[in-house]
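Reviewing the structure listed below.
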Amino acid sequence: MAQRKIQNEQEVIRWFEEGKTYEWMINEYKRKYGIDTVPSMWGNFRRRRGLDRRIARDDDLIPWGVKEEHRWLYPVVMLRVEGRRRQGFNVSEGDLARLESWKKMLEEEDAVVHYDPDTEEGFFYVPRQPGDDDIIHQPETKTKKLKRD
């Protein structure tokens, strides 16, 4: 029978509660126990124990399947920060300041975020239209492929 890699479940649960990263856990397990682990092992443990997700997913703010080349553009980064803020996750002071400045710009321009995956730019600021009740222009259909736990 294979030996279990998790040596102390309560210790690992505490690490999750403390917000330790998977990278930190991998390094700590190698240092403390001499055991090599991978991020998926920690994610599987989190899911099996019913622990909270480590990231915020908000289909209402990012309803699109965003192409790889567009994933780190400023508008979608700010949408992720706003999603984290709305879901009660910790957001750094720097990210909050950038978010507030960005949202102020949207308000002053009466604009919303629009995504067009078939363009090089990907994200655009477009004039707010009837039905735009948030900071994005809602697509007719959501194109995001959800990852299930």
Report summary line: Counting only residues that are assigned to a helix (DSSP H, G or I), open to solvent by 60 Å² or more (accessible area, probe 1.4 Å) and under 24 Å from F89 (Cα atoms), segment 20-36 contains a total of 2
Report summary line: Among the residues of segment 75-95, the number that are open to solvent by less than 40 Å² (accessible area, probe 1.4 Å) and farther than 20 Å from R57 by Cα is 1
Query raised in the report: From the set of residues in segment 96-145 that are among the acidic types (D, E) and in a helix (DSSP H, G or I), which is least open to solvent (accessible area, probe 1.4 Å)?
Result: E100
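Residue-by-condition table, conditions (1) among the hydroxyl-bearing types (S, T, Y); (2) modelled with pLDDT under 90:
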{"residue": "E18", "(1), (2)": "no, yes"}
{"residue": "T21", "(1), (2)": "yes, yes"}
{"residue": "Y29", "(1), (2)": "yes, no"}
{"residue": "K32", "(1), (2)": "no, no"}
{"residue": "R46", "(1), (2)": "no, yes"}
{"residue": "G50", "(1), (2)": "no, yes"}
{"residue": "D60", "(1), (2)": "no, yes"}
{"residue": "H70", "(1), (2)": "no, no"}
{"residue": "E82", "(1), (2)": "no, no"}
Query raised in the report: On the given criteria, is R85 assigned to a helix (DSSP H, G or I) and either charged (D, E, K, R) or touching a Phe, Trp or Tyr at 6+ places or on another chain (Cβ under 7 Å) (or both)?
Result: yes
Query raised in the report: Right, H70: more than 30 Å from R4 (Cα to Cα), open to solvent by less than 80 Å² (accessible area, probe 1.4 Å) and in contact with a strand residue (DSSP E or B) (Cβ under 6 Å, 6 or more places away or on another chain) or not?
Result: no
Requested in this report: Identify, by number, the condition in (1) in contact with a Lys or Arg (Cβ under 9 Å, 6 or more places away or on another chain); (2) surrounded by 12 or more Cβ atoms within 10 Å (Cβ to Cβ) that P39 doesn't meet.
Outcome: (1)
Report task. With the checklist (1) within 20 Å of N90 (Cα to Cα); (2) surrounded by 13 or more Cβ atoms within 10 Å (Cβ to Cβ) in hand, flag the one item E17 doesn't pass. Result -> (2)
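The values are calculated or read from the model by the stated rules, or taken from the named source; none is laboratory data. Because the structure is a prediction, the values reported are computed rather than measured. For neighbour counting, all protein chains shown are included, and Cβ atoms are generated from backbone atoms with ideal geometry for every residue, glycine included. Note: areas computed on protein heavy atoms with side chains; ligands, DNA, RNA excluded. Shrake-Rupley method; radii C 1.70, N 1.55, O 1.52, S 1.80 Å.
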